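**Student:** If you scroll down you'll find the structure; I have some questions about it.
The values are calculated or read from the model by the stated rules, or taken from the named source; none is laboratory data. Since this is a predicted model, take the numbers as computed values, not measurements. Cβ coordinates were reconstructed from backbone atoms using ideal geometry, including for glycine residues, and neighbour counts include every protein chain displayed.
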């Protein structure tokens, strides 16, 4: 009989079950499978490789300690990613990231959506964009990462960061504008 609690069976369910039983080899295999993606997620939020590395160690330890709370309602990777994001955000908030609460900035959204031309030298442009994103203030970088790179919507971002969805929208708008300014100033 299939459990009504689990939404689907994970492809690595045998390893997850091993982790639940304290099998260190299974834990190591899970670590190897998920480390790179989770490290990249953390790095996009904290923008520091050493800090992201520390967060990874803490997140995996926490995940293995709490693995019995994993119910299978979401994929294991999504469950683990939430732990990594929360740990990353905790790190940033310890560094006092400030989120501005702005009601309306429709003009900024329109400005942010204009003016980005296709560039034949895509790799160079990507490096410029990565550098510009890393230079953004923490709040802007986090919103951009969660929205554009991690694929969260504004309601989910609001829940993760404990802000309203309208604040998430306005922060994204300001972040895009700031990013465009960084890119324009960097190419001059």
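**Student:** For residue 55, which of the numbered conditions (1) more than 24 Å from residue 152 (Cβ to Cβ); (2) at pLDDT 85 or above; (3) in a helix (DSSP H, G or I) fails to hold?
**Tutor:** Checking residue 55 against (1) more than 24 Å from residue 152 (Cβ to Cβ); (2) at pLDDT 85 or above; (3) in a helix (DSSP H, G or I), the one that fails is (1).
**Student:** Hey, another quick one. Please go through (1) surrounded by fewer than 16 Cβ atoms within 10 Å (Cβ to Cβ); (2) in contact (Cβ under 8 Å) with a residue 12 or more places away in the chain; (3) closer than 21 Å to residue 141 by Cα for residue 49 and return the number of the only condition it doesn't satisfy.
**Tutor:** The one condition residue 49 does not meet is (2).
**Student:** Something else about it: Any idea how many residues of segment 1-21 are assigned to a loop (DSSP other than H, G, I, E, B) and at pLDDT below 90?
**Tutor:** Residues meeting the conditions: 12.
**Student:** Output the number of residues of segment 128-168 satisfying the condition of being assigned to a helix (DSSP H, G or I), touching a residue at least 60 places away in the same chain (Cβ under 8 Å) and over 16 Å from residue 46 (Cα atoms).
**Tutor:** So the count comes out to 2.
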